[in-house]
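Below you'll find the structure, written out as structure tokens, and then a few comments.
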Amino acid sequence: MSDVMHDREADRKAALAQLFDRSSPTYERVGVEHFNDLGRRLVAHAGVAAGHRVLDVGCGTGAVLIPAARAAGPDGEVIGVDLSGGMVARAQEEAARQGLRQVRAVVGDAETVALEDIATAPGSFDTVLAGICLFFFPRPQTAAARYRELLKPGGRFGVSWWGRPDPLWDPVYAAGAPYGRGPSSHTLPETSPFRSVDALHAMLAEAGFAEAETAEEDCVTHFTNAEQWWRWVWSTAGRQFWESVPDDERAKAVAAVNAKLDSLKAPDGSLTMTSKVRFTLAKRS
Ligand SMILES: C[S@@+](CC[C@H](N)C(=O)[O-])C[C@H]1O[C@@H](n2cnc3c(N)ncnc32)[C@H](O)[C@@H]1O
């Protein structure tokens with residue numbers, strides 16, 4: 001990798017760490033069940049069982065880590081790695097609150113995770129999980145190949161990622177779009193392995209995995225009212241877009257979005273978003 005590319009990727013990761021540090025106080029704490037539900041589903045799809053050793057990359061506040069630790073039990077070990085110190089602190093607090101001594105969460109770049117950082121040996125994990133995060137990595141294939149080395153033969157790599165966003169919400173995002181900028185996890189470059197199920201399966205095969213399979217399910221998120229939706233947006237990576245809206249444009253942008261939210265409201269003022277989420281599992285051959 002050239003020095004310029006290395007610096008660009010390092011800058012992108014530093015910005016991501018700061019973005020999630022800003023989200024971390026409210027992430028999954030605004031009364032909306034979203035990532036925790038998806039985390040439990042990923043752990044169930046991956047079949048984490050008692051005594052397993054699990055690596056959870058991009059562990060965030062523990063949406064995957066905590067249910068994985070529960071499934072692995074006291075004889076298992078679950079290690080989380082995340083770029084954001086704020087997110088990792090939340091995961092550590094939750095593990096301590098639940099008395100899950102089998103959990104370790106560390107701050108680090110999960111794309112290049114080094115064995116010494118997590119005090120482990122190659123071929124020592126039953127499962128590597130990546131919940132709603134691998135599309136943030138500049139080099140997901142390099143990361144996947146690395147995880148293959150960390151897995152035992154027959155071990156599994158499980159990834160959750162977005163399918164189609166709810167088309168009913170397109171007008172909401174379109175109304176805000178002219179006012180800000182910033183990447184969305186729904187807008188991917190043409191070369192991204194997350195552009196289709198086939199592309200992700202091909203990437204995993206290139207990285208040395210076999211038998212990739214993807215299940216697509218609904219991700220239904222309920223908001224009591226529009227105010228709760230706004231608090232939720234600011235608790236996720238979606239805040240990046242709203243941070244980019246200039247102060248003197250913000251009121252206009254919010255009004256444009258609120259007008260579109262009005263037409264999605266149920267009679268009680270609540271809102272429901274139904275996106276597609278995908279769970280991909282592949283095996284270390
Ligand atoms: C949308 S959150 C998902 C967190 C958690 N897995 C969940 O399901 O709630 C994405 C997470 O990926 C982390 N992340 C992004 N790139 C990373 C990298 N290269 N290494 C470690 N963590 C990374 C972010 O800091 C953030 O906590």
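The values are calculated or read from the model by the stated rules, or taken from the named source; none is laboratory data. From a predicted model like this one, the values you see are computed outputs, not experimental measurements. Heads up, the Cβs are rebuilt from the backbone with ideal geometry, glycines too, and the neighbour counts pull from every protein chain shown.
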Verdict on ASP117 being at pLDDT below 95, of a type in the set (Asp, Glu), within 16 Å of the ligand (Cβ to nearest atom) and more than 19 Å from PRO193 (Cβ to Cβ): yes
Hey, could you check the stretch 68-87 for residues that are of a type outside the set (Asp, Glu) and near the ligand (Cβ under 10 Å from one of its atoms) and say which is surrounded by the most Cβ atoms within 10 Å (Cβ to Cβ)? GLY80
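Any idea which of ARG97, ARG90 is within 16 Å of the ligand (Cβ to nearest atom) and charged (D, E, K, R)?
None of the other options fit; the residue is ARG90.
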Report whether or not ARG53 is in contact (Cβ under 8 Å) with a residue 40 or more places away in the chain and of a type in the set (Lys, Arg). yes
Residues (of a type outside the set (Lys, Arg), more than 16 Å from the chain's Cα centre (by Cα) and not in a helix (DSSP H, G or I)) located in the stretch 104-119: VAL106, THR112, VAL113, ALA114, ALA119
Taking the stretch 140-165 only, how many residues are outside any strand (DSSP E or B) and near the ligand (Cβ under 9 Å from one of its atoms)? 1
Looking for something at pLDDT 95 or above, in contact with an Asp or Glu (Cβ under 9 Å, 6 or more places away or on another chain) and not in a helix (DSSP H, G or I) - is there at least one such residue anywhere in the stretch 192-215? yes
Restricting the stretch 110-157 to residues that are surrounded by fewer than 20 Cβ atoms within 10 Å (Cβ to Cβ) and among the small types (Gly, Ala, Ser), the one farthest from GLU211 (Cα to Cα) turns out to be ALA119
Within the stretch 29-54, work out how many residues are buried (at least 24 other Cβ atoms within 10 Å of the Cβ) and within 14 Å of the chain's Cα centre (by Cα). 3
Got a number for residues in the stretch 25-55 being touching a Lys or Arg at 6+ places or on another chain (Cβ under 9 Å) and within 8 Å of the ligand (Cβ to nearest atom)? 2
Pairs only if they're at least six apart or on different chains, beta carbon under 6 angstrom, first in the stretch 14-35 and over 21 Å from VAL81 (Cα atoms), second more than 7 Å from the ligand (Cβ to nearest atom); list them, first residue then second. VAL30/ARG231; VAL30/TRP232; VAL30/SER235; VAL32/TRP232
Could you say whether any residue in the stretch 255-265 is in contact with a helix residue (DSSP H, G or I) (Cβ under 9 Å, 6 or more places away or on another chain), in contact (Cβ under 8 Å) with a residue 60 or more places away in the chain, surrounded by fewer than 15 Cβ atoms within 10 Å (Cβ to Cβ) and part of a loop (DSSP other than H, G, I, E, B)? yes
Residue satisfying condition, being within 15 Å of the chain's Cα centre (by Cα) and small (Gly, Ala, Ser), within set GLY80, GLY123: GLY80
Filtering the stretch 16-28 down to residues that are buried (at least 20 other Cβ atoms within 10 Å of the Cβ) and hydroxyl-bearing (Ser, Thr, Tyr) yields SER23, SER24, TYR27
Filtered residues of the stretch 1-32 (kept if outside any helix (DSSP H, G or I) and out of contact with any Gly (no Cβ under 9 Å at 6 or more places or on another chain)): MET1, SER2, THR26, ARG29, VAL30, GLY31, VAL32
Has the stretch 120-133 got at least one residue that is away from the ligand (no atom under 16 Å from the Cβ), in a strand (DSSP E or B), of a type in the set (D, E, K, R) and within 21 Å of ALA105 (Cα to Cα)? yes
